[in-house]
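Reading through the structure tokens given below for one structure.
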Amino acid sequence: SKLAALFQHPLYNIPIPEVTEKDKLFVVNPMEKFSLHSSGSDEWVSSSKAETLLPTGKTAYDTYPTWLKFHVGINRYELYPRRDPLMPTLLQDLATQRIVSSVQKSGGTQIKLIMTFPNYGQALFKPMKQTRDQETPIDFFYFSDFERHNAEIAAFHLDRILDFRRIPPVSGRLVNITKEIRDITTDKKLAKTFFISPAGNVCFYGECSYYCSTEHALCGKPDQLEGSMAALLPDKTLAKRRSWRSPWRRSYHKSKKAEWELNPNYCAQVRETPPYDRGHRLLDLIDMTVLDFLMGNMDRHHYETFEKFGNDTFLLHLDNGRGFGTHSRDELSILAPLRQCCSIKKSTYLRLRLLATQPYRLSDLMREALATDPLTPILAEPHLRALDRRLGKVLEVVGRCLAR
């Protein structure tokens, strides 16, 4: 396994700083067994009934379901550890746990559902919109592109291979629209949008600002529908997150350009603006830029951090559905932060160089990682080849910066 060899490599064994109590997202009483209010809120309550809800074990921690262990493990430095023993179980849960509730997530340009499992875990379901080999039409603006379920799955694995570990776990899943959405939803607005198509398939379209109409309905075959299931982060009432506007955000306008596209010295002013004027925030943003360029994702207008950790923490790479839309062309403008700032973490650079070598070729690692997903193949071969080509272009940009 190339993947196993990669994770054994010294560059993937650089220790993180010691995690103290204040570096943990949650400080948990080790004697407390936990259950949750079944009101749909994510509020944890101590409960003597926990044993009846959750499997018992030697310690209270053993009684937590996997998603709760994932939440408790989040710290200032990483969303989950490199060798996370929970990961296979968590991905398995996302793919197989019985769905007891499906409601539409509000906001956004396209339909997404929040699905709840019997152990109170929740996942964000993004349904399949187009086939693996369809490319985004060349005349589409980035802000009117479809969100792709397979891009969410591939982004999680790519983020892990790059050793960022800033995307919550995602698994593919085949969902039965009738039994797992229509028959169990309590969402009245969503319920009104189900219909049977002329071909006899079960369809729905939900309510949203862009692609929610009968023309853009999601249809099963006859009621089986592919989608991505992403583990939800802790509820914001428990762990506040701060949303930051990316300095290299696009204009989201058909004819206007953003300032960074017009000013070649734009990075100098970013470097003087908090929080980019100290610490590793700018370098973290450049990590995210590399991830986005490899995926071809132009839609990174915001990013989030956990408020508890202030400015000294990792960025969450959420919402990656507009990646992997094209393999035949590379969007070099995504690399603007790297090109303009000529800065990159040494550890990131060394890992990128490693992933460009034959024994650890990025496309091979991704092919191996994605083969474990229930919906494999996740990416068409041209997308995997594009990863190697784009990695070469990132290293070229860094090479020019080093020469300068």
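Descriptive notes on the structure:
- The residue list GLU147, GLU135, GLU180 contains one member that is surrounded by fewer than 18 Cβ atoms within 10 Å (Cβ to Cβ) and of a type in the set (Asp, Glu), which is GLU135.
- Pairs linking a residue in region 202-230 that is in a loop (DSSP other than H, G, I, E, B) to a residue that is surrounded by 21 or more Cβ atoms within 10 Å (Cβ to Cβ) and among the β-branched types (Val, Ile, Thr), with Cβ atoms under 6 Å and 6 or more positions apart or on different chains, are GLY206/ILE111; CYS208/ILE111; CYS212/ILE111; GLY220/ILE177; GLY220/VAL202; ASP223/ILE177; ASP223/VAL202.
- Taking region 99-185 as the region of interest, the strands (runs of 3 or more DSSP E) fully inside it that hold 2 or more residues being more than 30 Å from LEU365 (Cα to Cα) and β-branched (Val, Ile, Thr) are 113-116.
- Residues satisfying the stated conditions in region 367-378, i.e. surrounded by fewer than 19 Cβ atoms within 10 Å (Cβ to Cβ) and either touching a helix residue (DSSP H, G or I) at 6+ places or on another chain (Cβ under 9 Å) or in contact (Cβ under 8 Å) with a residue 24 or more places away in the chain (or both): GLU368, THR372, PRO374, THR376, PRO377
- All helices (runs of 4 or more DSSP H) inside region 1-93 with 1 or more residues being at pLDDT below 90 and open to solvent by less than 60 Å² (accessible area, probe 1.4 Å): 50-53
- Matching residues in region 367-404 - criterion: being among the small types (Gly, Ala, Ser) and under 26 Å from HIS149 (Cα atoms): ALA369, ALA371, ALA380, ALA386
- Taking region 320-345 as the range and being within 20 Å of MET366 (Cβ to Cβ) and not β-branched (Val, Ile, Thr) as the test, the residues that pass are ASN320, GLY321, ARG322, GLY323, PHE324, GLY325, HIS327, SER328, ARG329, ASP330, GLU331, LEU335.
- Only residues that are closer than 22 Å to PHE146 by Cβ, among the polar types (S, T, N, Q) and either open to solvent by less than 20 Å² (accessible area, probe 1.4 Å) or in contact with an Asp or Glu (Cβ under 9 Å, 6 or more places away or on another chain) (or both) were counted in region 211-251, giving 3.
- Region 98-122, subset farther than 20 Å from GLY220 by Cα and modelled with pLDDT of 95 or more, residue most open to solvent (accessible area, probe 1.4 Å): GLN122
- Residue that is farthest from LEU90 (Cα to Cα), among those in region 226-238 that are modelled with pLDDT of 95 or more and of a type in the set (A, V, I, L, M): LEU233
- Residues in region 354-366 that are of a type outside the set (D, E, K, R) and surrounded by 14 or more Cβ atoms within 10 Å (Cβ to Cβ) were compared, and the one that is nearest to HIS149 (Cα to Cα) is MET366.
- Every residue from region 335-353 that is in contact with an Asp or Glu (Cβ under 7 Å, 6 or more places away or on another chain) and either open to solvent by less than 30 Å² (accessible area, probe 1.4 Å) or polar (S, T, N, Q) (or both): THR348, ARG351
- Candidates ASP287, ASP312, ASP277, filtered to the one that is surrounded by 16 or more Cβ atoms within 10 Å (Cβ to Cβ) and either of a type in the set (S, T, N, Q) or in contact with a Lys or Arg (Cβ under 9 Å, 6 or more places away or on another chain) (or both): ASP287
- Scanning region 316-334 for residues that are open to solvent by less than 50 Å² (accessible area, probe 1.4 Å) and closer than 17 Å to LYS393 by Cβ gives GLY323, PHE324, THR326, HIS327, ASP330, SER333, ILE334.
- Where a residue in region 263-282 is within 19 Å of GLU307 (Cα to Cα) and its partner, wherever it lies, is charged (D, E, K, R) and open to solvent by less than 60 Å² (accessible area, probe 1.4 Å), with Cβ under 9 Å and at least six apart: PRO274/ARG281; PRO275/ARG281; HIS280/LYS345
- Considering ASP312, ASP277, ASP330, the condition of being under 27 Å from ALA231 (Cα atoms), out of contact with any strand residue (DSSP E or B) (no Cβ under 9 Å at 6 or more places or on another chain) and not hydroxyl-bearing (Ser, Thr, Tyr) is satisfied by ASP312 alone.
- Any hit, region 158-171, residues being touching a His at 6+ places or on another chain (Cβ under 6 Å), surrounded by 15 or more Cβ atoms within 10 Å (Cβ to Cβ) and closer than 17 Å to ALA123 by Cα: yes
The values are calculated or read from the model by the stated rules, or taken from the named source; none is laboratory data. Remember, predicted model here, so these are calculated numbers, not experimental data. Quick reminder, even Gly has a Cβ in these numbers, built from the backbone with ideal geometry, and neighbours come from all protein chains shown. Keep in mind that these areas ignore ligands, DNA and RNA; they rest on the heavy atoms of the full protein, side chains included. Shrake-Rupley method; radii C 1.70, N 1.55, O 1.52, S 1.80 Å.
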